[in-house]
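The block underneath contains the structure these notes are about, expressed in structure tokens.
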């Protein structure tokens, strides 16, 4: 009898390495080489990997150059706008608050850099836009608005938040007006941070008007129109410089351009009075 868990009595199984082949199956004399044993497979795989790697590097390089060119085109270098000193800040505030007294030119100073013209930073050019004055003026305006609300007995966190939001909206409106003016006049692509700087200069005049209101309430009705007029003159002369630089000389004195610049100057009055109406 057979043992269910072993071999028949008296019979020994050969070792595993000496097992005969099954009936009807003959050992293959020439085994088929696998894909990893084929030398052509390794060569073709290497070529494919090299080609894909080169294509990927080329694609990423072109994408990086495209993004970098668009960033420089629309946003420029943020560090450029903070390269200022005390002398520049004083002189720039004089130009913004009293543009009628500016006897110099309004053209920016350029210099060749890397085979193309580039503008000098604000520390070397009084006509260059900066972001230091707009941000400092915006912060000063919010602080002065808080003092004004305190003197009026209306100081609350909600009132400060409302004034902060109103200031940001006014800043954005100024940028939209400047961008629309340049677009309608066919001006070239001006870096966005340039427009942010030009639009933020209005808070310098607003801060001065609010200070005069704190000192004497009735002076507000004199300082606010004056600051609106000064900002209008400053922006008109600045935008004329931008348009003259980027447009042909035959189009510089068109009637349409004068109307748009006049609209830019007039728009400063309602914008100033809306932002300066603190506590309303």
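If you check 214, 195, 206, 229 for being buried (at least 22 other Cβ atoms within 10 Å of the Cβ) and either under 29 Å from the mean Cα position of the chain (by Cα) or assigned to a helix (DSSP H, G or I) (or both), only one passes: 206. The set of residues in the range 154-164 being under 29 Å from the mean Cα position of the chain (by Cα) and either under 13 Å from residue 276 (Cα atoms) or in a loop (DSSP other than H, G, I, E, B) (or both) consists of 162, 163, 164.
For residue 134, the conditions (1) touching a residue at least 12 places away in the same chain (Cβ under 8 Å); (2) touching a strand residue (DSSP E or B) at 6+ places or on another chain (Cβ under 9 Å) are fulfilled apart from (2). Every listed requirement among (1) free of Cβ contacts under 8 Å to residues at least 60 places away in the same chain; (2) in contact with a helix residue (DSSP H, G or I) (Cβ under 8 Å, 6 or more places away or on another chain); (3) closer than 14 Å to residue 264 by Cα is met by residue 180 save one, (2). Each residue in the range 96-118 was checked for being under 23 Å from residue 233 (Cα atoms) and in contact with a strand residue (DSSP E or B) (Cβ under 9 Å, 6 or more places away or on another chain), and 2 pass.
Restricting 71, 169 to those that are part of a helix (DSSP H, G or I), modelled with pLDDT of 95 or more and loosely packed, with under 15 Cβ neighbours inside 10 Å reduces the list to 169. Evaluate the following for residue 243: is it assigned to a helix (DSSP H, G or I), under 21 Å from residue 202 (Cα atoms), at pLDDT below 85 and assigned by TED's automatic domain parsing to the domain that holds residue 210? Against the criterion (assigned to a helix (DSSP H, G or I), under 21 Å from residue 202 (Cα atoms), at pLDDT below 85 and assigned by TED's automatic domain parsing to the domain that holds residue 210), residue 243 qualifies.
The values are calculated or read from the model by the stated rules, or taken from the named source; none is laboratory data. Since the structure is predicted, the reported quantities are computational estimates derived from the model, not experimental observations. Note that we place each Cβ from the backbone using ideal geometry, even for glycine, and neighbour counts take in every protein chain shown.
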